[in-house]
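The values are calculated or read from the model by the stated rules, or taken from the named source; none is laboratory data. Worth saying up front: this structure is predicted, and the values here are computed from it rather than measured. In this analysis, Cβ positions are derived from the backbone assuming ideal geometry, glycine residues included, and neighbour counts consider all displayed protein chains.
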Amino acid sequence: MKKITNYINGSMIEPSSGNYFENIDPSTGKAYSLIPDSDADDIDIAVQAAQKAFPEWSGMSLEKRSKYIVQLSEGIEKRMDEFVKAESLDNGKPVSLAAQVDIPRAISNFHFFATAILHFASESHSMEGVGINYTTRKPIGVVGCISPWNLPLYLFSWKIAPALASGNCVIAKPSEVTPYTAYLLSEVAQEIGLPPGVLNIVHGTGGSAGDAIVKHPLIKAISFTGGTETGAYISRTAGPMFKKLSLELGGKNPNIIFADCDFEEMLTTTVRSSFANQGQICLCGSRIFIERPIYEKFKTAFVEKVSRMKNLAPSDPNSKQGAVVSKGHMEKVLSYVDLAKEEGGTILTGGKRVILPEPNNEGFFIEPTVIEGLKYDCRTNQEEIFGPVVTIMPFDSEEEVLMMANSTQYGLSTTVWTSNLKRAHRIADQVHAGIVWVNSWLVRDLRTPFGGVKASGVGREGGWEALKFFTEPKNIFIKQ
Ligand code: NDP
């Protein structure tokens, strides 16, 4: 079986313990590669290498540094097919999704930040008759990037690219559940001759390799995307060490649909915003609120469309619904369907595991599921499920829907469907979210701030926000 290796100090190396664990293909339930079970020793070796590489990398001309990062982007693009297949195999997502979204976006992430850094500028503040302040922004040093399994290379590169572009050396850990494209990225880094120690990719579990990143005293900043509980743990642990933290956490996003929307456009997009990547995108809308006059019309049309969506093997080019990422996650999602029934919900479509023909008969497939009849404040409507499960609820007024939408601990994104511009502004202004889409979903401009409020996170990624996070400002005053 193929053994993935760590990428430390420019070399592909085994974990110091010599231990590996299995990497499971979610579409068959079978192991297909082995992942290094790295620990604090491996992280320490990587940090030493990164410390050594930092003076040269941070002191390099912007043009030269930018060129390396463009080459990372081009290196992925050259091996596009291989990356696409690997992402689909590792995660269970349809190969078409990996080809249209995940890998193109990873390519863009590197390209975007390689060029953004050339335009990044710091401020000056003139005090008339007194003097002038100017601010410099220097890289922090060695930084940690920890990412989840749902959009593996997409989110991994979203952190690594700005960290490297702004002159830091990186210790990065992908999710143990989806490490393969991060491994391929380390091959690309070798191919392009990225200086040793600048980027170090260490594989392993969150509790071991991840925790060692959080606790290492020489790692000065951590950019983390993952669950809210893990984020809270990282805050508790790294906060007292005065590390800079960027936390992108869970969500329970509302999708607010008014009767005056463009119904067909809303319907098509709502199917996507509910079930893309089997509902495992932090921006998926999982609570759908529909204004009462169109509730029955929406319910009939939506359920009809969703019940026609079939789970197929992720490698099938016609697949639009693949497998969820792991057995444990499948069981968690299905337990929420049981909870919804206990809480009085009615399953309108879906709700069950799907058994496909061999070789996918042990894969982790769940029918896209729509539930109605639940109160907005029950557990099913308050806790993050992160799978192909949505609830639908009617509402009668803006006040009521805002109260329900804002009732969870989360505040990542919101989608609003209406043709009333004033209302769109009112809802966007008052909803608890870091990102609002009006009459659309998941339209992304990499320059915009990305992140959530409340338990959905602290700080913002994207554009200047990311470059500011990965640099330390210093203000210098000169008397006139
Ligand atoms: P987890 O929090 O379980 O894991 C995220 C990453 O953290 C993984 O690499 C994991 O490693 C690692 N990790 C786990 N425990 C620790 C620890 N104690 N110290 C350091 N690192 C640790 O999240 P999931 O991977 O399950 O991802 C799903 C979650 O991510 C959902 O809640 C989703 O909403 C959120 N998410 C948020 C986004 C946003 O932008 N706000 C975007 C995408 C997802 P390992 O996997 O090896 O255990």
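Some points to look at:
- The residue of the stretch 381-435 that is surrounded by the fewest Cβ atoms within 10 Å (Cβ to Cβ), among those that are hydroxyl-bearing (Ser, Thr, Tyr) and in contact with a Leu (Cβ under 7 Å, 6 or more places away or on another chain), is Thr391.
- Residue among Phe112, Phe54 that is in a helix (DSSP H, G or I) and either touching a helix residue (DSSP H, G or I) at 6+ places or on another chain (Cβ under 8 Å) or not assigned by TED's automatic domain parsing to the domain that holds Leu151 (or both): Phe112
- Contact annotation: residue pairs with Cβ atoms under 8 Å, 6 or more positions apart or on different chains, pairing a residue in the stretch 275-290 that is under 16 Å from Ile435 (Cα atoms) with a partner that is within 11 Å of the ligand (Cβ to nearest atom) and part of a helix (DSSP H, G or I), are Cys284/Asn277; Ser286/Gly279.
- In the stretch 69-92, the residues that are over 13 Å from Ser157 (Cα atoms) reach residues that are among the aromatic types (Phe, Trp, Tyr) with C-beta atoms within less than 6 angstrom, at least six apart or across chains, in these pairs: Ala86/Tyr180; Asp90/Tyr180.
- Complete set of residues in the stretch 190-212 that are crowded, with 24+ Cβ neighbours inside 10 Å and in a helix (DSSP H, G or I): Ala209, Gly210, Ala212
- Index of the failed condition, Leu185 passing every other in (1) within 20 Å of the chain's Cα centre (by Cα); (2) near the ligand (Cβ under 10 Å from one of its atoms); (3) of a type in the set (A, V, I, L, M, F, W, C): (2)
- Selection from the stretch 306-325 of residues that are farther than 17 Å from Lys352 by Cα and among the charged types (D, E, K, R): Asp316, Lys320
- Inside the stretch 213-233, residues that are of a type in the set (Val, Ile, Thr), surrounded by fewer than 23 Cβ atoms within 10 Å (Cβ to Cβ) and touching a helix residue (DSSP H, G or I) at 6+ places or on another chain (Cβ under 6 Å) make up a count of 1.
- Single residue of the stretch 367-418 satisfying the filter (part of a strand (DSSP E or B) and over 26 Å from Val325 (Cα atoms)) that is nearest to the ligand (Cβ to nearest atom): Val416
- Qualifying residue in the stretch 88-106 (condition: surrounded by fewer than 18 Cβ atoms within 10 Å (Cβ to Cβ) and over 26 Å from Ala31 (Cβ atoms)): yes
- Taking the criterion of being polar (S, T, N, Q) and either over 30 Å from Asn277 (Cβ atoms) or not in a strand (DSSP E or B) (or both), the residues of the stretch 21-51 that qualify are Ser27, Thr28, Ser38, Gln48, Gln51.
- Exactly one residue among Ser175, Ser166, Ser147 is buried (at least 19 other Cβ atoms within 10 Å of the Cβ), hydroxyl-bearing (Ser, Thr, Tyr) and away from the ligand (no atom under 16 Å from the Cβ), and that residue is Ser166.
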